[in-house]
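Asks: Below you'll find the structure I mean.
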Amino acid sequence: MKNNRSKSDEKRIKISLNRHKRYIRFIIYMILLIASIIIVSNRGGAFSYVFFYGNVLYIPIAIFTIIHAVKAVRLSQEVRERMFRKGTVQSYKIHIENDSFLPLGSVSFVMSGVAADYKMDITDRLYSLFPHESIKIENELTCRYAGSYETGITAIEFRDPFKIVEVTYKVDTPLRVSVLPAVTDAAVEELSRAYESADVRTGNIIMNSDENYLGNDVRKYTPGDAVNTIHWKNYARTGDMYVRLPELKSSQMMSLIIIKADIDGSEESLKKRDFFLEYIVSIMNYFARNKKPLEIVYFDTDIRRCIIDNYESFQKAYYDVIKRIMSKPASDKEEGMADIRGSAASRKIVFREKDMVLCQN
């Protein structure tokens, strides 16, 4: 347990000596330290000892100051809405507080620019706080990709007064946002191909029923036809042997089975998730707009379903189902979903995020 905790701390705290020409300051410090040792050895005197102990004690005092700053600083950040649409401007508030009796200086912030743009860049300046002083910063952010991810301030940088040592500390509670995808026609062309086998007059998808379900259409008997398909009443009446044909049933229902994949937080994976969510919403919007029923099948601790057939059901699914899909991690159980049957659907579409393939079954 101790080893795991120490590894976690190492990931959260990074000490740097060579950024922004810091190595030059460190070299100057080492030259001054060596010079103070030579002076105190050869000459002695009060000034020499003050100069010597000042150099010797500087690094330990600087490290103590930085450790104290890490413990003392308090950071909170929030947006106006926790769930909002991609591309909308959101109010972004940052609150920094020095919860200590000692002043803090040379504090700066690291902000994630992977998925968001900010109106004001606060990473290019250093902040200083007096004991128990707080600073409030009003900013704005615009998220470029749909999904649920961390953004805003991801780390805080602490420095000693002469900027020789720098510690980067990852924040404990980064800002997590849920960004809804845009409503587009991205899937219309693909859906048109899915409906190539649809009945032209009704728009219904045609499927063959079970062979035991026989209709009223008949044709002449040919050797090899199943006995249970023979129209016996017609044979008794006319003496001619005919067989009944399976009736074609029509159904407008289609199932969309959604299978997520894990994402690693990189911009490439966020772009992929953005397209995945936008494509799902496009399919949902297509069915709602044309008032055709669509069954959504997705995984959220268990297999869940919902029906979309009008604008109201689309709106509900847009906020509820999409939030569940993008906020929960992928599960191993999802791969088996491709083989399940829709509850009332004649056909199904399987959409896998892993390879971005829309499969018809």
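Asks: Given a 1.4 Å probe and every protein chain left where it sits, what share in percent of the accessible area of segment 18-171 is carbon and sulfur? Let's see the in-between values first.
Replies: Numbers: 5360 of 8570 Å².
C and S fraction of accessible area: 62 percent.
Asks: Going toward the positive end of the dipole of segment 100-200, with +1 on Lys and Arg Cβ and -1 on Asp and Glu Cβ, which of Thr173, Ala116, Leu126 do you reach last?
Replies: Leu126
Asks: Right, next: Counting pairwise Cα distances across segment 43-200, what percent come out greater than 21 angstrom?
Replies: Details: 7360 of 12403 pairs.
Roughly 59 percent, rounded to a whole number.
Asks: Okay, moving on. For segment 136-175, compute the orientation-averaged projected area of the C-alpha convex hull (one quarter of its surface), in nm².
Replies: Values: hull surface 17.7 nm².
Computing the convex hull of the Cα atoms and averaging its projections yields 4.4 nm².
Asks: Rounded to the nearest 0.05, what FRET efficiency do Arg74 and Asn42 have when you use their Cβ-Cβ distance and R0 = 56 Å? Provide the component values of the computation, followed by the final result.
Replies: Details: r = 49 Å, r/R0 = 0.87.
So the FRET efficiency works out to roughly 0.70.
Asks: Multiply the residue separation of Arg324 and Ile135 by 0.36 nm, subtract the distance between their alpha-carbon atoms, and state the gained length in nm to one decimal. Could the numbers behind the result be given before it?
Replies: Values: separation 189, 0.36 × 189 = 68.04 nm, distance 3.53 nm.
So the chain would gain 64.5 nm between Arg324 and Ile135.
Asks: At what distance in nm do the modelled label points of Ile31 and Asp302 sit from each other, each positioned 7 Å from its Cα along Cα→Cβ?
Replies: 7.2
Asks: Taking K and R as +1 and D and E as -1, what net charge do the other residues with C-beta under 9 Å from the C-beta of Glu295 add up to? The partial results should precede the final answer.
Replies: On the way: positive: Arg305, Lys348; negative: none.
Within the 9 Å Cβ shell, the charges total +2.
Asks: In addition: Kindly give the semi-axes, whole Å and largest first, of the ellipsoid equivalent to segment 234-322, taking each as the square root of 5 times a Cα gyration tensor eigenvalue. Intermediate values should be presented prior to the final figure.
Replies: On the way: eigenvalues 376, 52, 27 Å².
They are 43, 16, 12 Å, listed largest first.
Asks: Quick one: of Lys291/Lys354; Lys292/Lys316; Lys292/Lys354, which pairs are farther than 21 Å apart, Cα to Cα?
Replies: Details: Lys291/Lys354 30 Å; Lys292/Lys316 16 Å; Lys292/Lys354 28 Å.
Beyond 21 Å: Lys291/Lys354; Lys292/Lys354.
Asks: Using a 1.4 Å probe and counting only protein heavy atoms, arrange Asp121, Asp262 so the residue with the most accessible area comes first. Don't jump to the answer; show the numbers that get you there.
Replies: Values: Asp121 90, Asp262 120 Å².
Solvent-accessible surface, decreasing: Asp262, Asp121.
Asks: Once you list every other residue whose beta carbon is under 14 Å from the beta carbon of Cys143, what net charge do they have if Lys and Arg are +1 and Asp and Glu are -1? Please list the in-between numbers first.
Replies: Details: positive: Arg80, Arg82, Arg85, Lys86, Lys119, Arg144, Arg176, Lys271, Arg273; negative: Glu81, Asp117, Glu140, Glu150, Glu267, Asp274, Glu278.
Around Cys143, the charge tally is +2.
Asks: What full-extension length gain, to one decimal in nm, is calculated for Val183 and Ile59 as 0.36 nm per residue of separation minus the Cα-Cα distance?
Replies: On the way: separation 124, 0.36 × 124 = 44.64 nm, distance 5.63 nm.
Length gained, Val183 through Ile59: 39.0 nm.
The values are calculated or read from the model by the stated rules, or taken from the named source; none is laboratory data. What you are looking at is a predicted structure, and each value in this text was computed from that prediction instead of being measured. Please note: Cβ atoms are built from the backbone with ideal geometry, for glycine as well, and neighbour counts cover all protein chains shown. Heavy atoms of the whole protein, side chains included, go into the accessibility calculation; ligands, DNA and RNA do not. Shrake-Rupley method; radii C 1.70, N 1.55, O 1.52, S 1.80 Å.
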